[in-house]
Structures are given as structure tokens and as C-alpha cells.
Ligand SMILES: Nc1ncnc2c1ncn2[C@@H]1O[C@H](COP(=O)(O)OP(=O)(O)OP(=O)(O)O)[C@@H](O)[C@H]1O
Ligand SMILES: [Mg+2]
């Protein structure tokens, strides 16, 4: 499989995963840009992009509105559009409640409930959960030919895959019914259970206060009708991840920890039967095979140019250049070994992107990365 196939052959969703700081946002934005240049209507759903990249894309503030990116500086096939959205997790959660509540009044009561406010802080802080939720909306509306999801840096790499089910597990029907329907008085066992739950209620009331318990019951009561809805959404997100319309691209840097996380993702993806589009090894130090001797190449010139400086200035500069060159060669050799390791576990395409001069923080830089990604010079690791 090539990156072109991943992005163009009927996929509606590409998900970039990988450890922190390796270039997930950069890769997601580059893939989105390239697909738009080919005439697709694309949304890049991003979370906390580097500030300068956000600015140069015109994403100056967080918000759940989709913004069209000005592509007048690049060549775009007719109909191509690039949209970007920077996920605001709290707004996503509130919107979700409004969408799923049976009526406006219930939604407002939930939003005003202190338990919801505390809980939503925790869940809204969970960007991976909200990303999966938002994804469900933007993909199912069919407004875009392609959605590219840039995932947040996950502390525990599994978080992202487990995220969609978290809320429905939290509202497990059994837990809710324990709070809402204390066991009936049926025989000794029933009264024992009732006794137990009464004691626990009293204890909870003592520890948290009765207002808290009232808020909690109220909250769970309001939520009980929405449980099914959350469960269905969870199933739909999982189905989408498993479908042929979705492809996962793992991004890593040629460093040991990042390659380890990429290996972990690779295993998880295949165990879950998610489609593995390929792997991008980003920020590779490219260094040709030629061994350069700065003394031979620059020694004479340096001496001439430094005639009015101290004797040792040119010599030490040339020596430092030599040391930097040797270090770069050693680093590149180490990276080659790590890339071989990536090759051993990845599936689909395997692409290297060199570490570019400076940062990649505008459309030009993204277009440059895109041209490397899509020039079809990738190694396929498909067996
Ligand atoms: N090939 C590259 N050459 C040079 N700089 C790069 C390259 N790829 C990414 N960068 C720079 O590295 C930084 C991190 O990239 P990016 O924000 O895409 O990573 P990320 O994986 O999304 O990070 P996070 O996990 O924090 O979200 C950015 O400043 C970006 O401009
Ligand atoms: Mg990022």
C-alpha cells in the first residue's frame, strides 16, 4: 500500500498515531493538504497544534468550528478544499449532551448539575475521548471526502483505543441502577442487600454531604436515558475504526522510545484488526555515505579568511566542523538500525521524512513534507 492509496482510495478517515512530539500534527496536516490539492474536500481535526503552525493556517483560537484554509499559495485541483478544526474538548462534551439529551430542558439541567461540571472537567481533559466523539460526528455527516485525525500525545498509548468506551463504561447500567433503584425487600438476602446499601448511602452522605448525594442521584437519573445512546456511539466509532474506510498511520521519530511506542501501536492495531496504512519515520538525519574531511576541504580557505584573527581560530573552527560531521554520521548510522527495527514490525508503506531546516510551520513547509510523502518512493512492508 502506498500513501496515495491510503489517502485517495475510498478512505474517509485517516488517523495519525504515535508518541509525543514526533510530527503527528505535521503529518496529518501534510496529508490533508495533499489530498485537498488533488481535489478532495478534506478536514484536518487537530488537537493543540504547535502555535506557529496554527497561526499560519489561520487557526488563531480554539473552537469547534471548522475553518477553511486559504490555499491560494498552492496548486489545487478544482473542488479541492482544506478545512481545519482545533478541538475544544469542553465544548465538545457540552454539545454532546445537548445532542443526546431527550429535550432541551434535560440538557440544561445536566449542564447545570455540579456533578456533571466536575465530571466533564475530567472527561473533557481526556482529549483522546473527545477526539473520538467528534470524529463520529464529522465522519457520519458525510460533509467531507476525507477526515484526517491528528491524535493527542497519549500518556498511555492505549488510551486512544480505549477512549470511546470510557463514558459508556462509566455509566454502566448496573452502577446506575444501584444508585437509582435500591434493592427491594425480598427475603433475608434482599433485606441484607437493602441493609448494605442503606449503610453505604448513609456513609456516602456522611463523607460527601447530602447535597452531593442529591446532585448525584439527580444527575444519574437525567443520564439514565442517554446510556444507550453513548453505548451505540461507542459501537459506531469502533466499527468505523475497523472498517475499510479507515486507515491508521503510525508516526515516529528515529529514537528508541518513539520506535518502541510505534511497535506497540502496530501490535495493538493488528490485534484489533484495524487497517494499518503505513508508518512515517519523521525527522530522520540524512547523511550521505561520503566521509568529508573539513581540513582537506576548507583548511586553506579558512586560513586565508582568518588572517586578521588569532592563529587558532580557523584551526579550532575546522576541528569543530569535523567533529560535528562525525557525530552526524554516527547518529545517522544509529537511526538506520532503528529504522530497520521499524521495518520489522510495520505494515503498509514505510516512509522516511528528513529533518528539515528550522520548523515546519506554514503551508509551504507542509507542502514540502507532502511532496516527500506522496512521491511514491516509499518502501512497502506488505508481505
Ligand atoms: N520533518 C521535520 N523537520 C523539521 N521539523 C519538524 C519536522 N516534522 C515536525 N517538525 C517540527 O517538530 C515539532 C513537533 O511536530 P508536531 O507538532 O507535528 O508533533 P506532534 O507529534 O504533533 O507533537 P505533540 O505530540 O506534542 O502533539 C514542530 O515544531 C514541527 O514544526
Ligand atoms: Mg500534535
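Observations on the model:
- The protection proxy used here, the mean number of other Cβ atoms lying within 10 Å of each residue, ranks peptides 205-211, 320-326 as follows, highest first: 320-326, 205-211.
- Residue list for the stretch 17-32, given a label point 7 angstrom along the Cα-to-Cβ vector of residue 256 and an amide N cut-off under 18 Å: 19-20
- With both labels modelled 7 Å from their Cα along Cα-to-Cβ, the residue 137 to residue 320 distance reads 5.3 nm.
- Here the gap between residue 66 and residue 232, fully extended at 0.36 nm per residue and compared with their Cα-Cα distance, gives a gain of 57.2 nm.
- Length released on extending from residue 78 to residue 41, taking residue separation times 0.36 nm less the Cα-Cα span: 12.3 nm
- Percent RCO, i.e. relative contact order, over the stretch 73-139, from Cα pairs under 8 Å lying at least 6 residues apart: 37 percent
- Length released on extending from residue 212 to residue 359, taking residue separation times 0.36 nm less the Cα-Cα span: 47.9 nm
We did not get these values from a lab; they are worked out from the coordinates using the rules stated. Because the structure is predicted, anything quoted here is derived from the model rather than measured. Cβ atoms come from the backbone with ideal geometry, glycine included; neighbour counts cover every protein chain shown.
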